[in-house]
Structure formats: structure tokens, C-alpha cells
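Working notes, beginning with the structure itself.
Since every read-out is calculated from the coordinates, none of them should be taken as a lab result. Nothing here was measured: the structure is a model prediction, and the numbers come from that model. Neighbour counts run over all protein chains shown; Cβ positions are idealised from the backbone, glycine included.
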Amino acid sequence: MKKEKNLSVGHGAFGSADTGDTSGYGGLVRASVSWGSSERPYGSYFDDVVDDLERAYPDFADAIERVVLYRGELTLHVKRGKLLEVALVLRDKLLFEMCLGVNGVHYPTETDRELHAVYPLLSMTHNRRIRLEVSVSEGDPHIPSLVEVWGGNNWNERETFDMFGIIFDGHPGLTRILMPDDWRGHPQRKDYPLGGIPVEYKGATVPPPNERRSYR
Amino acid sequence: MSTSSGPIVDPYASSLETTEGRVFSVTGGDWDSVVTEIGATKEERVVVNMGPQHPSTHGVLRLVLELEGETITELRAGIGYLHTGIEKNTEYRSWTQGVTFVTRMDYLAPLFNETAYCLGVEKLLGITDDVPERASVIRVMMMEFNRIASHMVALGTGALELGALSPMIFCFREREKVLDLFELICGLRMNMAYVRPGGVAQDLPPGALPKIRETVQELRRDFKDNEKILIGNTIWMKRTAGIGYLDLAGATTLGITGPVLRSTGLPWDLRKSEPYCGYENYDFDVVTANTCDVYGRFLIRMSELEQSLRIINQCVDKLEKLEGAPVMVADKKIAWPSQLSLGGDGLGNSLDHIRDIMGTSMEALIHHFKLVTEGFRVPAGQVYSAVESPRGEIGVHIVSDGGTRPYRVHFREPSFNNLQATSAMCEGSLIADVVAAVASIDPVMGGVDR
């Protein structure tokens, strides 16, 4: 597997506004990378899974943007328009009976692919796991809902909507689930500060964590 | 108490008119006045809001029930009352400090949260195979003790919610023994942050193994109290058998794992199907039931206690052979450098260790300083790792950007997914069965809301 590109480079103890380099000699450099496609053979049962999917789903080459193997785990990067079809084939033909929810990740530096949705899948019949990943832009954060395919994704999609603002089209009731209904913003996005709002307690106001020195 | 035409004077059950219809607030005491009032309104459909502060919703869970008579036609669960932003917080702390956050999610199963997280970090670091065997055995032993403590709360509070008080007292008595052991080993009874990336925080204290053996014997003896009082008990059977039905197809599509899935007859347990921490080296059975109901889940939890004790006994045998072996990876650029020891005033820094790094080893001092202030770097990438918690598959999706802090940590909480089954289990059943069904799911709201 090769690095496709460096997305951004950061220095210091990441997440802090100043260098965060406590000793002054850290020389910490972070390169946010996007992994390119892995080469075959993938090893383990992953070759079988990809072969089976290619056979069962003729549009494979068009729908799957990248196949990434990392740390013994296989990720299929799926185009959002094809997600529902791929999910149905994976469930019905490859027997991935269970979807373990969906998780959002926000990469502000990946232009036009800032928001990622990651679906871990489990096949109990074959004892196999793979992962689907879909990326969309912040301006058009729509992904088809998989509630029709795996009913248990209902709350998970609501959570990802709540936290990242990804809109799952076709979801039976896409409302906030963890934050209050009238909350503004999506707390897990990288541009949303930790805490963000002051807390009032018994008449005193506690500043939000992102304005406290120890969190900067 | 009040007539159907006059205003309600019951101080515990006031009523007011809203655009949605008449709303009654019942905060305890006597339901008779409300029932009389509702009877007079000729309204067929009644919506009952149960929780989030309710003694039998198993935490701050809110249930909205639509009733026809005593039958539930629609049920919705409302969550989020215990949302603490733990996932967001981990992004502002080092990888090791992340453990102290995640241990607080599912507060009845802290060691499972920690282990799932640490296995994920170790996978990203590529040091899964370097974790010392003694550390893995201690992890397994602690997790199984934790499973017992967690099941004890599930069974005790479940019984309490159905009106059986004695099992609650027995269960909390057993749990106390396990928590005492945790205190002996980690210094804390809950939220112990004991499992760390690369191993565990410290080795077992002297005299721990005999104490563990003693506790195992006591637990095995005292579990019988619960078995005698509940298994086959007519009242208990009437409240639980055939209640909260969810079959395999329903469980799979809803992503249900743990005892609820195993109550459908499928022996799915990550300890067997995808062994971690060396679970393949232990002899134990996966317990199932085929009744798909609350009673089956209860029996599974009871039997899992015995299986946990079996595993713990094997752990103790292994630990005796591994006496003195390391409990943290050898790589000094990852291993948490501080050592703890038990002093006269409680658990604290080991003075010998401080003397050593301050006085004799410049390199140890540097490592200590760098690791404690900055932490270690984790290669960029993403992994998913899962362990079998008392409630099912707790999975963690970790994304790193190569820095000293996590880029994104997301937990796939079993309580969160399992709670979605409440509607499927309860719709069409009686209102009294909701309590039994929720108790059999055993959600921990700290884990659900994170």
C-alpha cells in the first residue's frame, strides 16, 4: 500500500494551539495521510470477500473507489450513489448479516470529501469482518440511509447526524438523539470546540473547556 | 378521593389542560385519582411518559408508551440524558489518558471499555503480539470478575424492578466482594483505568492470588442463594417467561449482541469466535437459551457467572506460573513509565522507582518526562477492535493521524444498539412487561449516551 497524498502537515502536540512541545526538542511532525489502494493479495479471507463481491456485483469496478488493507482490516471505499446496492449484495449474497452501526469522521483538510461515514460489517455465518467507508463534502452531506438494509442502524445514523451533520436520505426519522433537539452545530466536527458553551451552575459561570488553559 | 367532575386535589398527581389534551403528572403515591379521571374522559388512547427519572427504567432512560387499556401499541425510547462527550474529550488528551475517559462510559463494565480501547491502540501501534502474556492473563481475569460484578447488578436490579427484593441484596453482596478485589488490585472499585495501552497499570499486589482463590470459592457458594430463590420460582416465571420476545431474525437485523442474542439460541460470543487476550487458551462454554425471552436471558446470565469463575480459576493457575513476568510491553517509548506502590497512606508513586529515574538513569527520566507530558505517537490509520462485554459486542473505531492524541474515537456500545429492541420486545404486550423487557436488555445509560 502506498501513500496517496499528504493532506496536511502539523507540528507539535496535536490539538494544542501553541506548539505543545513541552521539551522544546520534540520535533513532532504529523502528516495527515490518505492511504491509496492496497495491492493484491490482501491475505486472510479478504481476497475471497473481494472476489465474491466482484462476482455478485457486476458494477464493482465503478462502485468501489479503493480497497485498503491496514493492520489486518479491509476497508472498501464505496461511492455514495452505489452504497445501497453494495450493502444489499453484501447482506444477501455475502451474508454480512450484521452492521455494527455507523461512525462519522471529519477530515477538514480533505477538500470535497470532508465527512466520512464508516460502517463496520460482520458476517456471523463466515466469521468475517470488513468495513465500508463513504466520503461526502460538507456542502452536500447526503448519504443514503441503510436502515432498510440493517434496521439496527436507525439510532446509529441518528447519532452520526447529530454529531457530524451527515444527512442520511431515506431514514425514517432523522432527528438528534444525544444532543437536545434545538442544539446548534454538530459537536464532533473538528471545527466545533470542546465544550463550546459556558456552563452556569448555582449562579456562577464556568467557562467552556476550550477556553481553559489546560485544554488549549 | 376526587370525583370525576371536580378538579384533582391529590398533591402527587396534578393535571393541566394542554393543546395535546389533558396531561397528568404522577410523581408517586396514589394512582387511583388519575385512573378515575382518565376513565371519565372517554379517551381510548393514553400516552404515558415513563422516565427519565423513574425507579424502574434502569437509569436515565425515557420511555414514551402509547396505551390502549393496559396494552402497549407503540413504544419509543428517548436517550441522551447522560451524554457526556467522552468521545470528543479523548481527542484533547494523550492516548494513555484516553483510558481514563473510556472507563467511565459503561460504568458497570469499565474494564471492558478499557480493554477494547487498548486493544485498538495496540493494533494501530502494531504491538498486539508484544503485549506480555502476564498482562493478557490479568486482563482476562479482571474482565471476568467485571462480568460477574456487572451481571450481579443486571440480575439484582432486574429482580428489584420486578418487585423481588432479596435477590438484589444477595447480588449486591456478591458484587461487593468483587469490588473489594478490584480495590485490592487497582486501588479503585470502579473506573479504575487499570488496562493501559501495552499492558496493565501495575502488577498484582502481594497476596492477591490467595485472596482471589478465596473469593472465587465464596462466590461459587453464595451464587446458590440466588439460584434457589429465582430459578423455577413461580412468580418469577410468570413475570419473565414468554415476556420480551425477540427471535434471531429480529436480533440480527437490529444488531443485537450479548445475552439477548444468545437467548435466541445462537452461540455467538467474541471470546470464542474472534479470541482476543488469549481467550482461545481457556476452557469455557458459551451459554445459550432457545426461549428468546426474559427468563432465557436471566438463565444465561446466571450460567455465565459459573463460566466466568471457571476462566478465573484457569487465570490464577497461569498467573502462578508467570510470577514476576512483566505486565507492560518492553518498548520504553510506549510503556507508561511510572510505577505505583502501596504505601502507608495508600496507593501512590513508587519511591524506589523515582529514586532510580531521578538518581541513576538519565534516559528513564527523559522517557518519563516525554511520555507523561506528550505521550507516544501512534501511526496514522484506522482500526476497529471489539471485545465481548457483559452486554454484547463493545467495539471501538479508532482513527489516528499519527499524533500523540487520538483523531477520533468512536464506541459501538452494545447497550446503545440493544436498547433499540425495546420497541420490538414490548409493542403488543402489557405495560408491566416493559420493565421486565428493559431489565433483560440491561442497558447502562452511561454507555448508551457516552
Under 12 Å by backbone N from the virtual spin label 7 Å along Cα-to-Cβ at A:E65, the residues of region A:127-162 are A:133-138
Report the residue, chosen from B:D203, B:D180, B:D331, that carries the largest GNM mean-square fluctuation when chain B is represented by alpha-carbon nodes joined by springs under 10 Å. B:D331
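Given the -39500 (n - 2.57) contribution per DSSP H run of 4+ residues, what per-residue ellipticity at 222 nm results for chain B, rounded to the nearest 500 deg cm²/dmol?
On the way: 18 runs with 208 residues, N = 450.
It comes out at -14000 deg cm²/dmol, rounded to the nearest 500.
Which percentage, to the nearest 5, of the DSSP beta bridges contained in the protein assembly as shown is antiparallel?
Among the beta bridges of the protein assembly as shown, antiparallel pairing accounts for roughly 90 percent.
Quick one: compute the contact order of chain B, relative version, from alpha carbon pairs under 8 angstrom and 6+ residues apart, as a percent.
23
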Longest span of chain B, sites excluded, free of chymotrypsin sites (Phe, Trp or Tyr not before Pro) in DSSP loop with at most 14 other C-beta atoms within 10 Å? B:32-450
For chain B, set up a Gaussian network in which alpha carbons nearer than 10 Å are linked by springs, and say which option among B:L261, B:L365, B:L248 fluctuates the most. B:L365
For B:K321, the aspartates and glutamates lying under 12 Å Cα to Cα, once residues fewer than eight places off in the same chain are dropped, come out as B:E133
Over 32 Å between Cα atoms: which of A:K79/B:K332; A:K79/B:K272; B:K88/B:K211; A:K202/B:K88; A:K190/B:K333 fall into that group? A:K79/B:K332; A:K79/B:K272; B:K88/B:K211
Just to be sure I understand the rule: take each whole DSSP H helix in chain B, project its Cα atoms onto its long axis, keep it if the span is 20 Å or more and its mean Kyte-Doolittle hydropathy is at least 0.0. Which ones pass? B:110-125, B:133-161, B:165-186
Give me the percent of DSSP beta bridges within region A:37-183 that run antiparallel, rounded to the nearest 5. 80
Within a Gaussian network of chain B (alpha carbon springs, distance under 10 Å), most fluctuating of B:T90, B:T71, B:T422: B:T71
17 Å Cα-Cα reach of B:K238 towards lysines, excluding residues that sit fewer than 8 places from it in its own chain: B:K228
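Quantify how strongly other chains surround peptide A:154-164 by giving the mean number of their Cβ atoms within 10 Å of each of its Cβ atoms.
Mean partner shielding for this stretch: 3.
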Which of B:I398, B:I169, A:I64 has the fewest Cβ neighbours within 10 Å, and the rest in rising order: B:I169, A:I64, B:I398
